[in-house]
Amino acid sequence: MTTKSARVRFAPSPTGYLHVGGARTALFDWLLARKTGGQFILRIEDTDRKRYVPDSLDDIEEHLRWLGLQWDEGPDVGGPYGPYFQSERLEHYRRAAEELIAKGWAYRCYCTPERLEQSRQERQKRGEPPGYDRRCRFMSDEERAELEAQGAPYVVRLKVPLEGETVVHDLIRGEIRFENKTLEDVVLLKSDGYPTYHLAVVVDDHLMQITHVLRGDEWIPSAPIHVMLYEALGWEQPQWVHLPLILDPSGKGKLSKRKKKNPDGTESETMTLVREFREAGYLPEAMFNFIALLGWAYSGDEEIFTPEQAIQKFDLKDIKKSPAVFSYEKLEWMNGVYIRKLSPEDLAERIVPFMQKAGLNVTAEQLVPLVPDIQERIKTLAEAPGMLDFFFRDIETPAPEALIPKKMDAEKTRHALEAARATLANVEWEHDAIETALRQLAKDLGLKAGQLFQPIRIAITGKRVAPPLFTTIEHLGRERVLERLDRAIATLANA
RNA sequence: GCCCCCAUCGUCUAGAGGACUAGGACACCACCCUUUCAAGGUGGAGACAGGGGUUCGAAUCCCCUUGGGGGCACCA
């Protein structure tokens, strides 16, 4: 199914930051190109001057690269089919529009936005479909000549046949049929001379020799328009591949930025931008793996894979038809899997920025010995500072209640900590020696391990939940351990 | 309203007419391990939306119903 080399493009518009839906499309494009030895092209669809967001292009490029999706042609890298910004290709669209008019496949429409809006409302009131009423399509020659002579502003609209049907051959859905009478005379060229998506995408995909158009399912309704344009212009169609939608975790509706109610009644925003996942401490390799599984699977039981393995296995026929719910829980699990795979050095380096953001000025070298203890405890990099902060800044002396374990009182706890302090003051400062000494101490005191260890843990880390005790003691160093124990003992004495 | 798409555990999926007592993963529950929390191990609960066909035989093919979703801009 995917043997010949494919030329595919990811064509975002610079109106917002890269979101997971776009990333998924780009990822599939990239996989197909790599799989077939073809090209992955980045094309910027900047034809809406009103919605332009200046730094969105940087964000899109940065995060495509973050995911490892380098393009072969496009901004920065150039290529033989440029320019890759649609705003620099207006001449192509204008020419295509002229050709369509000449062939009787399009016409100039002089209707003002106001009239369109008014007509829309009237039709709605009458219970008719809300589309354009085709006034200018059936305008008299005299009227048309007059408006033309006046130099009235116009748009170019497609002259959709009033009868018959148009068939879209979708690679994963088969034939999709549309009755032409249900289709609209869409705008092809806006009055400012810029093309709409419909015209631009067809012209550029043809000129850039795109072989496969991968895009979201939400484009299916306009696919017949594009098919018509290919036919009208006498061009060969690309393969149409409409990807299943990505649904919100609720399963209702497209994944999009919106407020979500938490079980506890608070509201939080759904994460949808790739940059947000990055900032939340997700690894690019985990994101790649997870996003690849959004609407694609090659096997029922292999779901952790490298980009190379994905390329090897990728086949358009394995793309699902049904929409996929975005599961944050599964992503989190998968991120944990990838975190556990990292070497301590690698993990340490990736954690550094998160430590700094938390106000902890540390180096990767300092982190390396500490990282193995939290590696299987964190699911995102952003959780690291909360587990390691006590190594790098002083802690508040815990409250007495926090220090006292179940079935013990302040007095007993204090005695235990004093004994521990005495033991730790003299023990050889090495993990196994510390463990042996403290275990023996618990036995001597007639305490269960937890009854001794938990107060020590809280005294030296300030946390109820912390990394394993003996390595923590070792890495914290004798001086700080004794000092923190002293403070805890003092607090208990005053309780 | 009109057009279009989709339908296996809560979620992602395996399944391409007989190998299905419907397999795996996340999440969930229990137990084990254990200094907390994790990680890991073992086990458990949990699905073919409904109805008609086709066929010796249907989760798999066809039709209808239902349900869910998407689209109807001088936005992409």
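Can you pull out the residues in the stretch A:223-253 that are surrounded by fewer than 16 Cβ atoms within 10 Å (Cβ to Cβ) and within 14 Å of RNA strand B (Cβ to nearest atom)?
Hits for the stretch A:223-253 are A:Pro249, A:Ser250, A:Gly251, A:Lys252, A:Gly253.
Conditions (1) more than 27 Å from A:Arg377 (Cα to Cα); (2) open to solvent by 50 Å² or more (accessible area, probe 1.4 Å), marked per residue:
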residue	(1), (2)
A:Glu401	no, yes
A:Lys407	yes, yes
A:Ala416	yes, no
A:Ala425	yes, no
A:Gln451	no, no
A:Ile460	no, no
A:Thr472	no, no
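Inspect all residues belonging to the stretch A:428-435 and state whether any of them is out of contact with any Phe, Trp or Tyr (no Cβ under 7 Å at 6 or more places or on another chain), open to solvent by 40 Å² or more (accessible area, probe 1.4 Å), near RNA strand B (Cβ under 8 Å from one of its atoms) and part of a loop (DSSP other than H, G, I, E, B).
Within the stretch A:428-435 (the criterion being out of contact with any Phe, Trp or Tyr (no Cβ under 7 Å at 6 or more places or on another chain), open to solvent by 40 Å² or more (accessible area, probe 1.4 Å), near RNA strand B (Cβ under 8 Å from one of its atoms) and part of a loop (DSSP other than H, G, I, E, B)), the answer is no, since none of the residues qualifies.
Quick one: A:Glu61 ticks every box in (1) closer than 25 Å to A:Glu308 by Cα; (2) open to solvent by less than 70 Å² (accessible area, probe 1.4 Å); (3) assigned to a helix (DSSP H, G or I); (4) in contact with a Ser or Thr (Cβ under 8 Å, 6 or more places away or on another chain) except a single one, so which number is it?
Failing condition for A:Glu61: (4).
Looking at the stretch A:184-200, which of the residues that are in contact with a Leu (Cβ under 9 Å, 6 or more places away or on another chain) and open to solvent by 20 Å² or more (accessible area, probe 1.4 Å) is farthest from A:His226 (Cα to Cα)?
Looking at the filtered set, the residue picked out is A:Gly193.
Quick one: which of A:Glu383, A:Glu345, A:Glu376 is farther than 15 Å from A:Gly281 by Cβ, of a type in the set (Asp, Glu) and either without any contact (Cβ under 8 Å) to a residue 12 or more places away in the chain or within 16 Å of RNA strand B (Cβ to nearest atom) (or both)? Lay out the reasoning, then the answer.
Numbers: A:Glu383 fails: farther than 15 Å from A:Gly281 by Cβ; A:Glu345 fails: either without any contact (Cβ under 8 Å) to a residue 12 or more places away in the chain or within 16 Å of RNA strand B (Cβ to nearest atom) (or both).
So the residue among A:Glu383, A:Glu345, A:Glu376 that is farther than 15 Å from A:Gly281 by Cβ, of a type in the set (Asp, Glu) and either without any contact (Cβ under 8 Å) to a residue 12 or more places away in the chain or within 16 Å of RNA strand B (Cβ to nearest atom) (or both) is A:Glu376.
Name the residues in the stretch A:436-471 that are near RNA strand B (Cβ under 9 Å from one of its atoms), assigned to a loop (DSSP other than H, G, I, E, B) and within 39 Å of the chain's Cα centre (by Cα), would you?
A:Lys463, A:Arg464, A:Val465, A:Ala466, A:Pro467, A:Pro468
Going residue by residue through the stretch A:195-210, is there one that turns out to be under 24 Å from A:Asp133 (Cα atoms) and part of a loop (DSSP other than H, G, I, E, B)?
Looking through the stretch A:195-210, at least one residue is under 24 Å from A:Asp133 (Cα atoms) and part of a loop (DSSP other than H, G, I, E, B).
What are the pairs, 6+ residues apart or on separate chains, where a residue within the stretch A:316-342 that is at negative phi has its Cβ under 7 Å from a residue that is within 6 Å of RNA strand B (Cβ to nearest atom)?
From the stretch A:316-342, the pairs are A:Asp318/A:Ala297; A:Ile319/A:Gly295; A:Lys320/A:Gly295; A:Lys321/A:Arg173; A:Pro323/A:Leu245; A:Ala324/A:Gly295; A:Val325/A:Gly251; A:Arg340/A:Glu376.
I need a count of the residues in the stretch A:303-335 that are more than 8 Å from RNA strand B (Cβ to nearest atom), open to solvent by 40 Å² or more (accessible area, probe 1.4 Å) and part of a loop (DSSP other than H, G, I, E, B).
2
Please go through the stretch A:118-144 and pick out each residue that is assigned to a helix (DSSP H, G or I), over 18 Å from A:Val160 (Cβ atoms), at pLDDT below 85 and open to solvent by less than 90 Å² (accessible area, probe 1.4 Å).
The one that is assigned to a helix (DSSP H, G or I), over 18 Å from A:Val160 (Cβ atoms), at pLDDT below 85 and open to solvent by less than 90 Å² (accessible area, probe 1.4 Å): A:Glu122.
Quick check: anything in the stretch A:472-495 assigned to a loop (DSSP other than H, G, I, E, B), of a type outside the set (Ser, Thr, Tyr) and within 11 Å of RNA strand B (Cβ to nearest atom)?
Within the stretch A:472-495, none of the residues are assigned to a loop (DSSP other than H, G, I, E, B), of a type outside the set (Ser, Thr, Tyr) and within 11 Å of RNA strand B (Cβ to nearest atom).
The values are calculated or read from the model by the stated rules, or taken from the named source; none is laboratory data. Worth saying up front: this structure is predicted, and the values here are computed from it rather than measured. Because the Cβ atoms are built from the backbone with ideal geometry, glycine has one as well, and the counts that use them run over all protein chains shown. Heavy atoms of the whole protein, side chains included, go into the accessibility calculation; ligands, DNA and RNA do not. Shrake-Rupley method; radii C 1.70, N 1.55, O 1.52, S 1.80 Å.
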